[in-house]
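Notes follow the structure.
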Amino acid sequence: MLNPYLHLNPKIFDKEAEQKPTRDGFGDALVELGEKNKNVVVLTADLSESTRTDAFAKKFPDRFFEVGVAEQNMAAIAAGLAVSGKIPFISSYATFSPGKNWETIRTTIIYNNANVKIAGHHSGIVTGPDGATHQATEDIAIVRSWPGVQIMVPCDSIEAKKATIESLKHKGPSYLRFTRDKTPVMTTEKTPFKPVQTFWTSESPKAVIFATGHMLYHALLAAKELEKAKINVLVTNVAQIKPLDEKAIIELVKKAGKVVTVEDHQVMGGLGGAISELLGRELPAPIEFIGLQDTFAESGKPVELMKKYKMDPTAIISAVKKVISRK
Amino acid sequence: MQELHDDKLKKLEETANKTRQLIIETLLEAGSGHSAGPLGMADIFTAFYFHILNHDPKKPDWPDRDRLVLSNGHICPVRYVSMALSGYFPVSELKTLRKINSRLQGHPHRGSLPGLETTSGPLGEGISQAIGMALAAKLDNKKYHIYAVASDGEQEEGNTWEAVMFAAKYKVNNLTLVIDRNNIQIDGFTENVMPLESLKAKYEAFNWEVLEVDGNNIRAFVDAVGEARAVFEKPTVIIAHTIPGKGVDFMENDFIWHGKPPNAEEAKKALAELRTLQGKIQSEHA
């Protein structure tokens, strides 16, 4: 059942449940942060509307910088602003930033421990018709190996706003991952923001599903179906992939024994990678990985892509059954 | 910036020579590193640290200090020597360059040594970072000035031109860029590796003010900086023509010395030459 203590959206499983892109929450948070903190500045590489920095730009034109199609320049300018006391958000598609400008960020932001917030948009195959060039599916992997970086992957637009605001508490580089497409709103304003929270609970669970981003919804749908088949699982939202709340994850795995990870990302180097590294060290457990299986996706509707690339609730159900059958 | 009197100029030239000697000694001790660039830029770094910059070596984090951003981090031996000589840290610490537990990393790391404004080495990133500092100064109504030093080779990096376009768009006039035009890079002469000329015309086309100067002539350089500071409507670049390996005969203009240090015998020869040149750098140009 849905965790009654988290004030989740009661209409979560309704057909008419609200859907919003997580980038909207980011845009709302920027405006709020701009009002609260005069040191917040925003830089965009020719994607102000589609990465939702336009409202901030309109309200705070002096603190908004349009760098044009130049992601390396955007990152390094942000580093210079940050070492001078500003809190820059840099906003582009994740394939370009932190993709194209990876080394620039590594040297000028990460190694300098500069307080820059990197917003990577159009993440995952849910980006859909734009095709694989614009579907960021390796971004968590390339960011996660950077020392000292915080990585947040909000599950819906409300959590996206909270995560963006929360990132200011981390006095150093943060990576925030957002999606283009509308995805179900699972949380409410009252839902607390925590790095790891279990959204679906059950007695004597046979497995725990760790999901991140919008994929959490697919995991919840799978859990609901599995419950009908009397297979009890936990579904846990991992909103912050780094630093990983290791203690919380270990406790859940101790309780459930078997693990499935679910993410809209390559199965290598992302959430599944992070959790298997932890479990390999602390608590070896059978684990199955839902995500892109070492391939690129293609153009298509998100729902079609999820099915074809085996990331939909049906695939999650199969993975749960498989992992439970393993010794 | 104060006027540069002849007696001060003489002192700066002596300091530049001392800087060259310390560069040779430091590189010999380190056993690796770059020789030509640091020697070529000794006059400019001396001018910065001992005349141009509004700074306080005892307070490297003073918020109102001028910023000097070194984009081509591989010439850091010259910066380290200038910093040591001006009082940021003891000259004896130069011996630790490139060694374990040292604050003097092989390429400069901001977090390791107070007074370094940025981390650099990967090319093409310094101008952008300097722009960020310049924008922050404007937002905070601060009067400090930002200087960035870049190499000619790194003009080949795309990031350089991204930054150049941006600085013109936002009229970043509290930034002065100095390009070390020494015509060499690791693989050879710049015009063979990837022709850059006309560099002046390129920057003019990107709507920058362009000054050209003999980068081994301290007075000429100081005058150019004064002229650059007077330009209000756009950013200014000073293309400083320097001789790589300047002051050491067998290193001058030879790209072989871009990325290697002298051995003991070569260092001895270089130091002997520099010591006899003491105080005569300017007369060479006369």
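The values are calculated or read from the model by the stated rules, or taken from the named source; none is laboratory data. Bear in mind that the values here come from a model prediction, so they are computed numbers and not experimental data. With ideal geometry, Cβ positions are generated from the backbone for all residues, glycine too; neighbour counts draw on all protein chains shown.
Residues in region A:107-122: is at least one under 22 Å from the mean Cα position of the chain (by Cα), of a type outside the set (Val, Ile, Thr) and farther than 24 Å from residue B:122 by Cβ? So far as region A:107-122 goes, yes, one or more of its residues are under 22 Å from the mean Cα position of the chain (by Cα), of a type outside the set (Val, Ile, Thr) and farther than 24 Å from residue B:122 by Cβ.
Taking region A:129-143 as the range and being touching a Pro at 6+ places or on another chain (Cβ under 8 Å) and either farther than 19 Å from residue A:25 by Cβ or among the polar types (S, T, N, Q) (or both) as the test, the residues that pass are A:142, A:143. For region B:159-201, a tally of residues being β-branched (Val, Ile, Thr), closer than 14 Å to residue B:255 by Cα and either touching a helix residue (DSSP H, G or I) at 6+ places or on another chain (Cβ under 7 Å) or not in a loop (DSSP other than H, G, I, E, B) (or both) returns 3.
Looking at region A:65-88 only, could you name the residues that are β-branched (Val, Ile, Thr), touching a helix residue (DSSP H, G or I) at 6+ places or on another chain (Cβ under 8 Å) and not in a strand (DSSP E or B)?
Passing the criteria: A:67, A:77, A:83.
Of all the listed residues (B:146, B:179), the sole one being surrounded by 21 or more Cβ atoms within 10 Å (Cβ to Cβ), β-branched (Val, Ile, Thr), at negative phi and more than 14 Å from every other protein chain (Cβ to nearest Cβ) is B:179. When B:44, B:52 are checked against the criterion of being under 12 Å from the mean Cα position of the chain (by Cα) and among the hydrophobic types (A, V, I, L, M, F, W, C), a single residue qualifies: B:44. Looking across A:273, A:291, A:257, A:280, one residue alone is over 22 Å from residue A:160 (Cα atoms) and within 17 Å of the chain's Cα centre (by Cα). It is A:273.
Within region A:69-79, the set of residues being under 20 Å from residue A:30 (Cα atoms) and within 7 Å of another protein chain (Cβ to nearest Cβ) comprises A:77, A:78, A:79. Pairs meeting the criteria (first residue in region B:140-157 and under 22 Å from residue B:52 (Cβ atoms), second residue among the polar types (S, T, N, Q) and part of a strand (DSSP E or B), beta carbons under 7 Å, at least 6 apart or on different chains) are B:145/B:176; B:147/B:176.
Residue-wise test of (1) assigned to a loop (DSSP other than H, G, I, E, B); (2) within 14 Å of chain A (Cβ to nearest Cβ); (3) within 18 Å of residue A:82 (Cβ to Cβ).
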{"residue": "B:83", "(1), (2), (3)": "no, no, no"}
{"residue": "B:92", "(1), (2), (3)": "no, no, no"}
{"residue": "B:95", "(1), (2), (3)": "no, no, no"}
{"residue": "B:98", "(1), (2), (3)": "yes, no, no"}
{"residue": "B:104", "(1), (2), (3)": "yes, no, no"}
{"residue": "B:109", "(1), (2), (3)": "yes, yes, yes"}
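Among the residues of region A:203-216, is there at least one that is in contact with a Ser or Thr (Cβ under 8 Å, 6 or more places away or on another chain) and more than 17 Å from residue A:275 (Cβ to Cβ)? Yes, region A:203-216 has at least one match. The C-beta contact set for region B:202-215 (first residue farther than 20 Å from residue B:156 by Cα, second residue of a type outside the set (Gly, Ala, Ser) and modelled with pLDDT under 95, distance under 9 angstrom, 6+ apart or interchain) comprises B:214/B:285. If you go through region A:243-270 and keep only what is out of contact with any helix residue (DSSP H, G or I) (no Cβ under 7 Å at 6 or more places or on another chain) and under 27 Å from residue A:183 (Cβ atoms), you end up with A:243, A:245, A:248, A:252, A:256, A:267. When each of A:71, A:49 is tested for being modelled with pLDDT under 95 and either over 24 Å from the mean Cα position of the chain (by Cα) or not assigned by TED's automatic domain parsing to the domain that holds residue A:233 (or both), the lone residue that passes is A:49. Scanning region A:105-133 for residues that are more than 14 Å from every other protein chain (Cβ to nearest Cβ), in a loop (DSSP other than H, G, I, E, B) and out of contact with any strand residue (DSSP E or B) (no Cβ under 6 Å at 6 or more places or on another chain) yields A:131, A:132, A:133. For region B:111-140, the set of residues classified as polar (S, T, N, Q) and within 8 Å of chain A (Cβ to nearest Cβ) consists of B:118, B:119, B:120, B:128, B:129, listed by residue number.
Suppose we keep only residues that are surrounded by 24 or more Cβ atoms within 10 Å (Cβ to Cβ) and without any contact (Cβ under 8 Å) to a residue 40 or more places away in the chain within region A:85-104. Which one would you say is farthest from the other protein chains (Cβ to nearest Cβ)? Across region A:85-104, the extreme among qualifying residues is A:101.
Take the conditions under 14 Å from residue B:45 (Cα atoms), more than 14 Å from chain A (Cβ to nearest Cβ) and either of a type in the set (Ser, Thr, Tyr) or assigned to a loop (DSSP other than H, G, I, E, B) (or both) and apply them to residue B:216. Does it pass? Considered against the rule, which asks whether it is under 14 Å from residue B:45 (Cα atoms), more than 14 Å from chain A (Cβ to nearest Cβ) and either of a type in the set (Ser, Thr, Tyr) or assigned to a loop (DSSP other than H, G, I, E, B) (or both), residue B:216 comes out as yes.
Among residues that are surrounded by 24 or more Cβ atoms within 10 Å (Cβ to Cβ) and assigned by TED's automatic domain parsing to the domain that holds residue A:123, residue A:63 is not included.
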